[in-house]
Ligand code: SF4
Ligand code: SF4
């Protein structure tokens, strides 16, 4: 009789514990039902990178003095600066400038140390290609200005983004599916 009562007591304790755990799980589910999705449907929705985002490098050929500082400060000596000395002008003449984004780690050192500010980091991050050699950008490709996400007419609306809690997504630009933060 005593063992039966003991068994019943144990069973009751286990049942209460199980109910407690189920309740906790249910509360988590309910909590998440109150939240709005923070994912976006890329590529139809896009994020606007933050102000200091280190995207594809932009290069201004006319401002480059072929000093090769960018090569020396690059952890992998990546930029290829092809120049020749014009003896009559006693000046370096830049012939070509390339950066291979298949190898670049986007550390920003070259941009930071360039004495003429002819390098800058853009917000462009869509660099994928079927051929990795296509990532080796010459001065023409590097000189192209990136299109801004904010003016991309193909972006769809993401409803209710403004309702997300403060600090999760800052700002919402009209009816477009974009935010101004990467820190989702
Ligand atoms: Fe040109 Fe600037 Fe590199 Fe010097 S540091 S070679 S100016 S890009
Ligand atoms: Fe080199 Fe960094 Fe500049 Fe890329 S961003 S080219 S890795 S210094």
Residue 106 and residue 50 label points (each 7 Å along its Cα→Cβ direction) are spaced in nm at 1.3 nm
Inter-label distance for residue 61 and residue 5, nm, one decimal - labels placed 7 Å from Cα along Cα-to-Cβ
9.6 nm
Expressed as a whole percent, how much of the Cα-Cα distance distribution for region 57-143 exceeds 16 Å?
52 percent
Give the dimensionless ratio obtained when the Cα radius of gyration of region 1-79 is divided by 2.2 N^0.38 Å.
2.70
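The numbers here are math on the coordinates, done by the rules we state, and not lab data. Because the structure is a prediction, the values reported are computed rather than measured. Cβ sites come from the backbone with ideal geometry, for glycine too, and all protein chains shown count toward neighbours.
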